[in-house]
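Beneath this line is the structure, given in structure tokens, with notes to follow.
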Amino acid sequence: MRIKLFLLIFILSIIIRANEKRIFFTGGILNFDDSENDFNIEDYYDISSGIFVDTNYLKKMIETGYYYDYNPVHRFYNPYNVNRLSISYLQRTKINDKLFFNGRFEVDNSDLKMKHSLEINPYDMPFLFTDTTSGSLGGNRFYLNNSVSYKIKKIVISPEVSYGISNFLKDNYVKAETFNILFSYYICFTYLTDKNEIFVKIGSGLKKSKLVAVKELSNPEVFIKLGENVFKKRTSSSFNGFEKNDFNVFDIGFIHNFNNGKAIGSKISYIYNKYKIWDGKLSKNYWGLASIDSIFYDFTFKYDDNIMSRIYYSYSNNWTRSYDYNFLYQEEVLKKGGFSLSLKIDKGILTNYYNQLNFAYTDDKYSDYIGSFFYRKREVSFSNTVAVNRKITEFLDIDVAFNVGYIKNSKFFDFNDVRYSGISSVVRWGIYMVGFKYDIYFINSSFCNKFMFNVSLNFN
Amino acid sequence: MKRYYIIFLLVTFFMYCDRLEKPAKKEGNGILNIKIDYSKLDSSVTVSPDSTYVEAKSELRVYNGYTNEDGEISFNNLISGLYTISFNKIYLNNRYIGGGGSINIMSSQTVDTVFTAFLIEPGIKINEIFAAWSQNDILYYHDQFIELYNASDDTLYLDGMIIVRGGGNVQACSDIDNDGQLENFVHAWRFPGKPVSKLYNRTKGDYPIYPHQFVILATDARDHTEYVPNSVDLSHADWEFVNKKDYADYDTPSVPNIICLRDDYSSDFMYAGTSDIILLCTGEDAVPDENSKYPLGVEDGIAIETIIDGVEYQSSSTSLKTLDSRVDKGFTGVGINSYSGKSMQRIMPGFDTNNSSIDFKILLKPTPGYQE
């Protein structure tokens, strides 16, 4: 199995929060004019102590929504259809001049139609639990994230805690049940001046997953996917798997604002993930071990409100082995670099007109020693997104975006060249927000459609 | 502030101490060189060392091939693990040599090993066991059967033999008190007739099994496809297990019965779907005697020397083996689920090295009366 590229967001990674919707549906444009998308360390680098420089949007908000994703263009084990109902509560409040609170609580009910995967985020795991049937994984997730930020002179100290649980059932044989727990804690030190926001964030966490599958009354099989084409067959009539993922995070970065409105920002992030997998039927301590080292570097330049650009680079070194034998099963070195340039035009008919150009290069060297499967993949991708924002009335606001893209040697689509284009829109009318995204993918001589839809209500 | 810096440094230090060490070597570099030693074969048997089929099987992969003219074969790029090695060759019509064993192999290691070939003894063998029932969702469990096979060129006789179900006890069919008898079994069933010792020398009896004949022992000798379309037609079975104390037990008049030897047992002959033990014994130490301490003959155990064949099956490869290794050194059935319709059959008719891990294969569907 190829190991996941980045592991920044864990079990709740595919929840699209209200404050990210416009950016998500409109293609992630860097300088999109949005209250949740300022160039500060909180919005841009997800540093909670940045609430001290982003105090304009303190609020208490309940959001409820429905999300639908029809996704025939997906990696093999990912869901091809997602239905989700969610409700969340967000609070950003000022307790006193030196103390702020930022909290979020989310609950959702999801139904994910998947082929053979028994895990909701199959590519997060170095070893994948699979079976021989297709079916829906349905279940609930709860997620809580709280942080407080306390300022002592120019230093802000921000402890942060996250907790999440989820429970999913497969509706077809082997009727697997998965239970996941996520707990993480961070502490961030930030130095704030009028022009500088400098931060160091460290944290750790763990995620535990348990999977139980009973094979009675039918003939499906349960496997642990070890390599690209190597599966370990579970031989007993019931399967009881357990996985523990410890992770450490270290972030350091800054944003510097110049007098003339220009700004630069940079962040280096290091994440270490360690996995231990128990095969519940064995008396041995563990069955598999895996390690993922990831480093990210980002540099962003804001020329003014109309021009922003970003370059980034990431390096990831991943490997797996069995517990019994100290030999490498898989190894992957993955390097990725990219560049984005975002322009905003604000004149006449082109008022609030955005254009963003993206380029990315990926070098992926993968070795599967147990399956004797090796490749080196160099993927190149371009995309361009055009978006327009129109405020029709005081309450009605519409975003429309078009995008086109090209991926050469796509590593996710069996090494094909992929072309895609799409249209998306977000309409906000008072407390209502409706978003949709439609993409058409051309892979070889065939094409397929991908559709996402979201409707939500925000109560402030 | 100093305190915070110290805490920060300590946390950072502990974060990066607990890392996994990356292995220096890679998987998939193991080499296994096998040489088959034919010298222990009977001098009357002539076997050329080439073209013997050899299989090396681990839980992740199966490697196979044929020996060269020196009786040697080499497997490369092996993954670390415990391998079950088996080999066989037909040297005459319906006559085999074979052998095998287990060996632990590490990647980047070259292992040279020699396995001794021996003749597969003729005689009556348990050739197939269909235990896991056919695929169905009504919990239908009457379609189990055991297939016997006469691997010799002589007619043999089933008179007085007993079939024993070992059960899933952790000490099932083990020689607990070291007296040469296997204790802890669930029940035993007898063919009609008088058991006679020295089975292979028998020349007379009432219930023959002809050379290379398959004989089906059905739990219920009827056409089970009438109830479960995926099941098997056992209406032409050769024998049927019948317990007169079980009033619901189906008894096909045209099929002779095998009778339960346990007084307090009032069910049909059934065995577990995924893990159990089946023994075929001469029955000579199970002669009913009202004056004996053991009136049915079998309560004191089954003498190992009377066991003609024994097979243990376990669905999990990590299960503990219970059947005495003098009868069966391994077990078959790994990966079979209840109601999967899968069956266990010898890799060739009557192929028996007394190691079911080597001798058996898993079939997707049962094959009563013939070899797949």
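Nothing charged except the Cβ atoms of Lys and Arg (+1) and of Asp and Glu (-1): what's the magnitude of the dipole of chain B about its Cα centre? Round to the nearest 20 debye.
Working: 31 positive and 52 negative charges, 375 e Å.
The dipole magnitude comes to about 1800 debye.
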Check: What do you get for Rg/Rh over chain A if you use C-alpha atoms and the Kirkwood form of Rh?
Finding: 0.96
Item checked: Assigned charges on the beta-carbon of Lys, Arg, Asp, Glu; the protein assembly as shown dipole about Cα centre (debye) -> 5020 debye
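Rounded to the nearest 0.05, what FRET efficiency do B:Asp263 and B:Asp233 have when you use their Cβ-Cβ distance and R0 = 25 Å?
0.15
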Check: Over all distinct alpha-carbon pairs, what is the Kirkwood Rh of the stretch A:359-460 in angstrom?
Finding: 16.3 Å
Checklist line | Whole-Hz ³J(HN,Hα) from phi, Karplus 6.51 cos²θ - 1.76 cosθ + 1.60, for the stretch A:398-415, glycine and proline x | finding: 10, 10, 10, 9, 10, 9, 9, x, 9, 10, 9, 6, 4, 6, 8, 10, 6, 6
Check: Counting only residues 5 or more places away or on other chains, whose amide H sits under 5 Å from the amide H of A:Phe223 once H atoms are built in the peptide plane?
Finding: A:Thr130, A:Asp131, A:Arg234
Margin query: Nearest 10 degrees is fine. How inclined is helix B:2-17 to the longest principal axis of chain B, computing both from alpha carbons?
Written below: 50 degrees
Margin query: For a distance above 23 Å, tell me the whole-number percent of Cα pairs in the stretch B:37-144 that qualify.
Written below: 45 percent
Next item on the list: Could you size up the charge dipole of the stretch A:2-459 around its Cα centre, putting +1 on the beta carbon of Lys and Arg and -1 on that of Asp and Glu, and report it in debye to the nearest 20?
Entry: 540 debye
Notebook entry, point to check: Counting each DSSP H run of 4 or more residues in the protein assembly as shown as -39500 (n - 2.57), what helix-only mean residue ellipticity at 222 nm follows after dividing by all residues, to the nearest 500 deg cm²/dmol?
Noted result: -1000 deg cm²/dmol
Check: Once a ≥ b ≥ c are taken as the square roots of the eigenvalues of the Cα gyration tensor of the protein assembly as shown, is the result rounded (a/c under 1.5), prolate (a/b larger than b/c) or oblate (a/b not larger than b/c)?
Finding: prolate
Next item on the list: Please find the FRET efficiency linking B:Tyr210 to B:Glu59, where r is the Cβ-Cβ separation and R0 is fixed at 45 Å, and quote it to the nearest 0.05.
Entry: 0.70
Notebook entry, point to check: Roughly what would the spin-label model give for A:Phe447 and B:Thr116, points 7 Å off Cα along C-beta, in nm?
Noted result: 7.3 nm
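Greater than 32 Å separation of Cα atoms is the criterion. Which listed pairs, A:Lys170/A:Lys437; A:Lys98/A:Lys437; A:Lys151/A:Lys276; A:Lys207/A:Lys344; B:Lys329/B:Lys365; A:Lys365/B:Lys365, meet it?
Flagged as over cut-off: A:Lys98/A:Lys437; A:Lys151/A:Lys276; A:Lys207/A:Lys344; A:Lys365/B:Lys365.
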Margin query: Please report the projected area of the stretch B:88-164's Cα convex hull averaged over all directions, in nm².
Written below: 9.9 nm²
Check: Going 7 Å from the Cα of A:Ile155 in the Cα-to-Cβ direction, what parts of the stretch A:50-78 have a backbone nitrogen less than 18 Å from that spot?
Finding: A:50, A:52
Next item on the list: Grab the Cα-Cα distance for A:Ile252 and A:Phe339, subtract it from 0.36 nm times how many residues apart they are, and report the gain in nm with one decimal.
Entry: 29.3 nm
Margin query: For a test of the definition: using alpha carbon positions, the gyration tensor, and the 1.5 limit on a/c, classify the stretch B:219-372 as rounded, prolate or oblate.
Written below: oblate
Next item on the list: State, to one decimal in nm, how far the label point of A:Ile440 lies from the label point of A:Asn409, with both points 7 Å from Cα in the Cβ direction.
Entry: 2.9 nm
Next item on the list: Multiply the residue gap between A:Asn260 and A:Phe183 by 0.36 nm, knock off their C-alpha separation, and tell me the result in nm, one decimal place.
Entry: 23.5 nm
Margin query: Here is the link list: A:Lys232/B:Lys361; A:Lys94/A:Lys262; A:Lys225/B:Lys361. Which ones come out longer than 21 Å on Cα distance?
Written below: A:Lys94/A:Lys262; A:Lys225/B:Lys361
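Throughout, read-outs are computed from the coordinates displayed, never taken from laboratory work. It should be emphasised that the depicted structure is a prediction, and the values quoted were computed from it without experimental measurement. Neighbour counts run over all protein chains shown; Cβ positions are idealised from the backbone, glycine included.
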